[in-house]
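**Student:** Sharing a structure, written as C-alpha cells. Questions coming.
Nothing in this text is a laboratory measurement; each read-out follows from the coordinates by a stated rule. Just so we're clear, the structure is a prediction, and the values are computed from it rather than from any experiment. Glycine gets a Cβ as well: all are built from the backbone with ideal geometry, and neighbour counts include every protein chain shown.
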C-alpha cells in the first residue's frame, strides 16, 4: 500500500480489465469468489483507511461491473473498454455509476484519437469527443431520472 500513503494523490487499482486476457487471472476463484471481487473488497478497506482509492473496471464486463459496484458502492471507477473494445456505454452508465449517477470516469480514447487519419484529424477527434460527452451526459441524466423516458 505504499502509493496509498500519499494523502494528496489518488490511486486506481486494477480490479477487472477490459482485455480478453482478464479471464486468465481476474476470474480465478479465491475462497469461492472471483479474484476481481476480492480486489474490490480489499480496495474498499484501503479506501476506508486512506480515502484515495478507485477501481479500474473494464467496460466489456457489464455483468461484473454491477457486482463490483455492489461491493464498492462509494469508490470511483475508471472504465476503459467503451468504444473500440466493444463495451456497452448504456450498461456501463447503468451499472457503474453510483446512486447519484456519478463516480465513473469513462475512457474511450481509441474512438477519439483514431476518428480520422486525414488532415481534419483535430476537428473530427474534437467532434467525436464532444458527441461522446453529450451521449454520456444524456445517459446519466436518464439514469438519474428514469421517468424522462416514460412516454405514457
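**Student:** So, by mean Cβ neighbours within 10 angstrom, what's the order for 94-100, 124-130 with the highest one leading?
**Tutor:** Packing order, densest peptide first, comes out as 94-100, 124-130.
**Student:** Compare the peptides 51-57, 68-74, 111-117 by average per-residue count of other Cβ atoms within 10 angstrom and give them in order, highest first.
**Tutor:** So the peptides 51-57, 68-74, 111-117, ranked by packing, come out 51-57, 68-74, 111-117.
**Student:** When the chain is fully extended, how far beyond the present Cα-Cα distance does residue 117 get from residue 44, taking 0.36 nm per residue of separation?
**Tutor:** Fully extending the segment from residue 117 to residue 44 adds 22.1 nm.
**Student:** Here's another thing I want to ask about it. Could you state the angle between the C-alpha long axis of helix 62-71 and the longest principal axis of the C-alpha atoms of the chain, as a value from 0 to 90 degrees rounded to the nearest 10?
**Tutor:** Approximately 50 degrees, to the nearest 10.
**Student:** Starting from the Cα of residue 109, step 7 Å along the direction of its Cβ; do the same at residue 133; then give the gap between the two resulting points in nm.
**Tutor:** 1.8
**Student:** For the chain, find the longest principal axis of its Cα atoms and tell me its angle to the long axis of helix 121-144, 0 to 90°, nearest 10.
**Tutor:** That works out to roughly 60 degrees.
**Student:** Between residue 102 and residue 3, what FRET efficiency follows from the Cβ-Cβ distance if R0 is 25 Å, with the result rounded to 0.05?
**Tutor:** According to the calculation, E is roughly 0.55.
**Student:** Can you tell me the length gained on complete extension of the stretch residue 29 to residue 74, counting 0.36 nm per residue apart and subtracting the Cα distance?
**Tutor:** 13.8 nm
**Student:** Can you give me the angle between helix 35-50 and the longest principal axis of the chain, using Cα atoms only, in degrees from 0 to 90, rounded to the nearest 10?
**Tutor:** 80
**Student:** Another question, then. Going by Cα centres, segment 22-45 and segment 79-151 are how many Å apart?
**Tutor:** Value for the Cα centre distance between the two parts: 27 Å.
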